[in-house]
Amino acid sequence: MRREFSAGGVVVRQLRGRPVMAAIRPAGKPEGTWALPKGLIGPGERAELTALREVAEETGVDATPVEKLGDIRYVYTWAGERVFKVVSFFLFRYRSGRLGDIPAEHAHEVAEVRWLPLEEAPELLAYNGEREMAAKALARLGSRA
Ligand code: ATP
């Protein structure tokens, strides 16, 4: 089976006293399909660096690494071929920039970007593995208060 490796981030900030995360609706997905920003790891690239780059390209914000959250695995079919995919996720703290200020060359990849309440991630995120990553991020933030 073909294998693919990506990396992404749960970017968190406090808005009105509540933690929110940067979520995207990937281009071509129906309204309400919320996902975390991520992308393919380049040859020789460190996963954390990939995740920071993808966060900037897909959401428009810059972030600071906090810690690794874990890896998720899934299989999908593309053009009749099954692909086994591993995505490493990192907890990031929002640093600067405006959500949605996406570089023009990446604008076609993303239909919508939004700060969503981290507590509501289990209901809002479309994929199980990503929900788990958001839950870990919430636990991590809670344990440090
Ligand atoms: P990347 O963002 O890593 O460059 P991509 O946009 O090319 O990747 P994926 O986001 O992996 O590709 O999407 C490929 C297929 O897998 C799509 O049909 C998508 O709906 C599905 N998919 C995406 N994330 C998950 C997940 N966490 N669990 C299960 N299926 C997923």
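The values are calculated or read from the model by the stated rules, or taken from the named source; none is laboratory data. Values in this document were obtained by computation on a predicted structure and should not be read as measured data. Cβ coordinates were reconstructed from backbone atoms using ideal geometry, including for glycine residues, and neighbour counts include every protein chain displayed. Keep in mind that these areas ignore ligands, DNA and RNA; they rest on the heavy atoms of the full protein, side chains included. Shrake-Rupley method; radii C 1.70, N 1.55, O 1.52, S 1.80 Å.
Among the listed residues 105, 132, which satisfies the condition of being open to solvent by 50 Å² or more (accessible area, probe 1.4 Å) and within 14 Å of the ligand (Cβ to nearest atom)?
Result: 132 is the single residue among 105, 132 that is open to solvent by 50 Å² or more (accessible area, probe 1.4 Å) and within 14 Å of the ligand (Cβ to nearest atom).
Pull up the stretch 1-22, narrow it to residues that are more than 13 Å from the ligand (Cβ to nearest atom) and small (Gly, Ala, Ser), then point me to the one that is surrounded by the fewest Cβ atoms within 10 Å (Cβ to Cβ).
Residue satisfying both the conditions and the ranking: 17.
Given 113, 83, 87, which one is touching a Ser or Thr at 6+ places or on another chain (Cβ under 8 Å), modelled with pLDDT of 95 or more and either more than 10 Å from the ligand (Cβ to nearest atom) or in a helix (DSSP H, G or I) (or both)?
Result of the check over 113, 83, 87: 113.
Look at residue 44 and say whether it is within 11 Å of the ligand (Cβ to nearest atom), of a type outside the set (Lys, Arg), outside any helix (DSSP H, G or I) and more than 17 Å from residue 131 (Cα to Cα).
No, not satisfied.
Identify, from the list 95, 82, the residue that is over 14 Å from the mean Cα position of the chain (by Cα), open to solvent by 50 Å² or more (accessible area, probe 1.4 Å) and farther than 19 Å from residue 2 by Cβ.
Just a single option satisfies the conditions, and that option is 95.
Anything in the stretch 110-120 that is closer than 14 Å to residue 37 by Cα and either open to solvent by less than 60 Å² (accessible area, probe 1.4 Å) or of a type in the set (A, V, I, L, M) (or both)? List them, or say none.
Result: 110, 111, 112, 113, 115, 116.
Please work out if residue 30 is surrounded by fewer than 16 Cβ atoms within 10 Å (Cβ to Cβ), in a loop (DSSP other than H, G, I, E, B) and away from the ligand (no atom under 14 Å from the Cβ).
no
If a residue has to be within 17 Å of residue 99 (Cα to Cα), among the small types (Gly, Ala, Ser) and touching a helix residue (DSSP H, G or I) at 6+ places or on another chain (Cβ under 6 Å) to count, how many in the stretch 1-29 make the cut?
4
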